[in-house]
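What follows is calculated from the coordinates using simple rules that are stated; it is not laboratory data. The model shown is predicted, which means the values in this text are computed figures rather than measured ones. Note: ideal-geometry Cβ built from the backbone for every residue, glycine included; neighbour counts use all protein chains shown.
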Amino acid sequence: MKKELGKWLMDIAKYTMTAVILTSIFGEFSQKWVIYAGGALTVACTLGWGLYLLRDKDKDKKEVE
């Protein structure tokens, strides 16, 4: 279950990055930094959370021993 949620969150990060890029290209905004900052924060959070859920706990335990 955690691995599927992790994969889903990584997909959300990819879609968000695509949306930010397309919005910046085609959008007429006076403050593009707001879109970049919000998009970067969203991508970092969802990607980080997704990678955290995908990590292999058994492998981490073997490395500690």
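Some points to look at:
- Each of Thr46, Thr18, Thr23 was scored by other Cβ atoms within 10 Å of its Cβ. Listed from fewest to most, they are Thr18, Thr23, Thr46.
- Counting every pair of alpha carbons in the chain, the share spaced more than 15 Å apart comes to 58 percent.
- Lys57-Thr18 FRET efficiency (beta carbon distance; Förster radius 30 Å; 0.05 resolution): 0.45
- Full extension of the chain between Ala40 and Lys7 yields a length gain of 10.0 nm, computed as 0.36 nm times the residue separation minus the alpha carbon distance.
- Helix axis angle, 2-26 relative to the chain longest principal axis, alpha carbon, degrees: 20
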